[in-house]
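Enquirer: Structure in structure tokens, see below.
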Amino acid sequence: MECASHRFVGLVTISLLIFAGTYTCLWPAKEDSVLFSWFQRVPITRKAAPKDELEIALQRSSMKNRTLIISVLNKAYAEENGLLYLFLKSLREGEDTESLIKHLLLVAVDETAFNRCKHLNLHCFLLNTTNTSLSTEQLFMSEGFLAMMWQRIRFLGDVLKRGYSFIFTDMDVLWLRNPFSELNREEDMQMSIDMFNGNPYDDFNGINTGFFFVASSNKTIALFDEWYASRNNSKGVKEQDVLNHMKSKGAFRRLGMKVRYLDTAYFSGFCQDSRDFKKVTTVHANCCRTVKAKISDLSSVLRVWKKFVNGTLNVNWPVHSACHSSWKTKAATEDKLEIALKGASMGNKTLIITVLNKAYAEENGMIDLFLKSLTEGEQTKFLIKYLLFVAVDQTAFDRCKKLDLHCYQLNSKGTNLSTEQLFMTSGFIEMMWQRTRFLGDVLRHGYSFVFTDTDVMWLRNPFLELNKNTEDMQFSCDGFNGNPFDDFNGINTGFFYITSNNKTTALFDEWYALRNYSKGMKEQDVLNRMKSEGAFRWLGMKVRYLDTEYFSGFCSDSRDYNKVTTVHANCCRTKKAKIADLTAVLDSWKTFDATSNIIWPAHKACHDSWETTRAPEDKLEVALQSASMESKTLIITFLNKAYAEENGLLDLFLQSFKEGDDTEHLIKHLLLVAADQTALDRCKLLKLNCYKLNTMGRNYSKEQLYMTEGFIEMMWQRVLLLRNVLQHGYNFIFTDMDIVWLKNPFTKLNNYKEDLQISCDGFNGRPFDSNNSVNTGFFFVASNNKTIALFDEWYGSRNNSQGMKEQDVLRHMISQGAFGKFGVKVRYLDTAYFSGFCSDSTDAKKVTTVHANCCRSVSAKLTDLKAVLETSRGFNGSTVTWPEHRACKESWKRDITI
């Protein structure tokens, strides 16, 4: 039996070898797939696909290594002498490209397109479009356009699951040379881009999904599954922006994918033309809106290419004039926006734009003060004729008309924006996004503009301080760090100049699209985040940040009346406060005679505006007043039921105050913020200053283990409360309760010289070096507009920081230049004085506080802090060794149940 078995195996092996040899001989000798043999990938896990129509179409069009080219076709593209004709013409006339037509699969989304494909004897597949009609031209960002893009992603994911690799190409891409020769064998995906930053592996390059190669593997299948699933959370967002968002969140890295971004020198497009005819391989009509414009400008490209191939020297790409004009296709003779823009613009298609609602249009209100500044400023009165008011309601529009100004009524899509929109309310945020959408439309009409809020006083002509035609955008800042080209400057979108071009149009498209991912965030914070993620760089934009010496604001006043050009009532919450303080600014400006030494009036109304929502019986204000020193300074800590237990952290914390050097008297300036009723009752029993936190229905009474969901949520509640304290005008030390106070820390703080003084897990020896790693368990903060703005942005960042504790978010903000952005002066506290379990002080004579950081549970903190306090009691001025924090080290080694 054993011999028979061996004979059987031998016969099967010989038969397979004969079959393989015969198959190889029968295959045509000249086959394009030889060139692409390196595209073979590692085996993937997939089901055996049935011989359905798609499988048949893929087999017929693919090379031997299961690689093909895919494009999507609809009725509009399939017309005689249309995009399909031009696309095929480029393949027939390109270098080493005609042979690729037999590996091209056209995916038809309607019957007409399918019939046209069959008529041309091409490889064709009719896509089931789930009853959605995609046969007509789908204008960029229209509902049909978005639906077609998502249908495409679903289909391409199915192709990958069948084990086929492919180049996907839009039909508005001319193939001038064989692109396979410029693709690498080592990557999972190779993506075209609108603008190339010079580094093919830098994720800051922005993806364009109109041309890419993808190899079939488990990783790429998982990517396409996740990408298509994201459509449900991305209403109104095109699939390209969703993938860019996934990329920015680390999707490629998480899936273990290697991705290459294709150099526009080879894979050119209308957004960024290749500069070298000898390298150019494909040309994409991106940054173009209509089929008609694409056909016109691509035809011109093909004509120039043929001249180059035929030996003509010094050829240049033709201007893409049809595509540039395509963004104005809605601007017919009746287009009210175009009429308004023309009426207000200068000869160079530049104007000034501001937004107006009913609240700002009142008599003797913001609009009158704004116009007064223009009327009384130096060389500014004539600019009124170039000013376009965009009214968001009928009352504002009527007032604009009554003043005989240039007016345009915005379609606010059923949202009522007529009332005053307080800073960071939902109405305020919605108005900011409506503004961004409108300004994107203005750019598409080909107009450049200064956008200005009406709470900006124009004291001099700002155009004299703007670098016209050299930067794409020029932004005002809340705080200027001295370098006009440093992206660490923080943007303020209340005043900026922007030039209309493909780059800025693309920026506004992406900016507005991100509103769906940025719930609760104002558009300014979204743009700042885009900036920090490299959006300006990968779009190839040149951006300048405006010096607050010239473009001043209440966040950071200009120190020089001879330079100041505009004054913005930023860092201010209400219209009433803005009017009061801007009126004072204008009155002060009128007294300036170039020789006098004038000081800006204090912005008292704006500072007080942060308190306008407080009721007369404001319990927080009462608690703050009772605990604070005369300087409106206090100490704040948080308390929950777990910390409030007898002989627990609260008792140890208070014991350290009673036994410390010059610390006992500070207890009367300590405010305990209770997160639950039990904690509040214990606080009251001990006759301390107490305040009950509104936890919005959440239960924080139990021990919140480090990095659990409850821990992270409690940290964010803390940031919110502390922001409110700053808005009430109080300075404070915040201290965790797992800190023992051995000496009075106020003696080691530089009172009011710095806005923020913060403890560190490890101190690098330099108190002003932002590379120190902050710990938010102990810090001193002074109340001012800068720190309020910092805490606003910090708390606002929670929506994009799921699973991150507030300390890590602040560290990220620091790395992105948040302190410089707001002009916040920060000192990092030396662990020699402000010690912790992460980094013990080496000098017992200096040590002021000891923090049980680098520790996971309450019981471990108690054990090791008691040992510290015991050691401190025995200190007599000689050298002391801190006890080993054994319980805390052990706390990381076991699971602790709550």
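Every number in this text was worked out from the coordinates using simple rules, so none of it is lab data. Small disclaimer: the values here were computed from a predicted structure and weren't measured. When we count neighbours, we look across all protein chains shown, and the Cβ atoms used for this are built from the backbone with ideal geometry, even at glycine.
Enquirer: List the residues whose amide H sits under 5 Å from the amide H of residue 72, counting only those 5 or more places along or on another chain, with H placed 1.01 Å from N in the peptide plane.
Expert: For residue 72, whose amide H was placed from the backbone, the distant partners under 5 Å are 107, 171.
Enquirer: Considering the dipole of region 632-891 built from charges on the beta carbon (Lys and Arg +1, Asp and Glu -1) around the Cα centre, which of 746, 648, 862 is farthest to its positive end?
Expert: Result: 746.
Enquirer: Given +1 on the Cβ of Lys and Arg, -1 on the Cβ of Asp and Glu, and no further charges, what dipole in debye does region 50-287 carry about its Cα centre, rounded to the nearest 20?
Expert: Magnitude of the dipole: close to 640 debye.
Enquirer: Follow-up question, since we're still on this one. Name the lysines eligible as straight-distance cross-link partners of residue 692: C-alpha to C-alpha under 26 Å, and not fewer than 8 places from it in the same chain.
Expert: Those lysines meeting the cut-off are 619, 632, 641, 658, 668, 684, 702, 805, 861.
Enquirer: Taking amide H positions as placed 1.01 Å from N in the peptide plane, with prolines and chain starts having none, which residues 5 or more places from residue 545, or on another chain, fall under 5 Å of its amide H?
Expert: 475, 485, 486
Enquirer: Using unit Cβ charges (K, R positive; D, E negative) and no other charged atoms, how large, in debye to the nearest 20, is the dipole of region 522-576 about its Cα centre?
Expert: 180 debye
Enquirer: So, one more: By DSSP, what percent of the beta bridges with both residues in region 50-287 are antiparallel, rounded to the nearest 5?
Expert: 40 percent
Enquirer: Quick check: net charge around residue 825, other residues with Cβ under 9 Å of its Cβ, Lys/Arg +1 and Asp/Glu -1? Before the final figure, lay out the partial values.
Expert: Details: positive: 753, 786, 827; negative: 754, 755.
Within the 9 Å Cβ shell, the charges total +1.
Enquirer: Moving on to the next point. Report, by chain and number, residues whose modeled amide H sits under 5 Å from the one on residue 176, excluding near sequence neighbours (fewer than 5 apart, same chain).
Expert: Amide H neighbours of residue 176: 282, 283.
Enquirer: Please list, in order along region 162-173, the HN-Hα scalar couplings obtained from phi with the Karplus expression 6.51 cos²θ - 1.76 cosθ + 1.60 (θ = phi - 60°), rounded to whole Hz, x for Gly and Pro.
Expert: For region 162-173, the Karplus-derived couplings read 8, x, 9, 9, 7, 8, 9, 9, 5, 7, 8, 10 Hz, x marking Gly and Pro.
Enquirer: Within 10 Å, count the other beta carbons around each residue, average over each peptide in 671-679, 166-174, and list them highest first.
Expert: 166-174, 671-679
Enquirer: Continuing with the same structure: For residue 556, what charge total do you get from the other residues with a beta carbon under 14 Å from its beta carbon, if Lys and Arg give +1 and Asp and Glu give -1? Numbers along the way, then the final one.
Expert: On the way: positive: 559, 563, 786, 821, 825; negative: 478, 547, 549, 557, 560, 755.
Surrounding charge for residue 556 is -1.
Enquirer: For residue 306, which lysines qualify as cross-link partners when the Cα separation must be under 21 Å and same-chain residues fewer than eight apart are set aside?
Expert: 89, 278, 279, 294
Enquirer: If you add up the charges near residue 122, with Lys and Arg at +1 and Asp and Glu at -1, over every other residue whose beta carbon is less than 12 angstrom from its beta carbon, what do you get?
Expert: +4
Enquirer: Taking the dipole about the Cα centre of region 337-570, with the C-beta of Lys and Arg at +1 and of Asp and Glu at -1, give me whichever of 432, 458, 558 is farthest to the positive side.
Expert: So the residue we want is 432.
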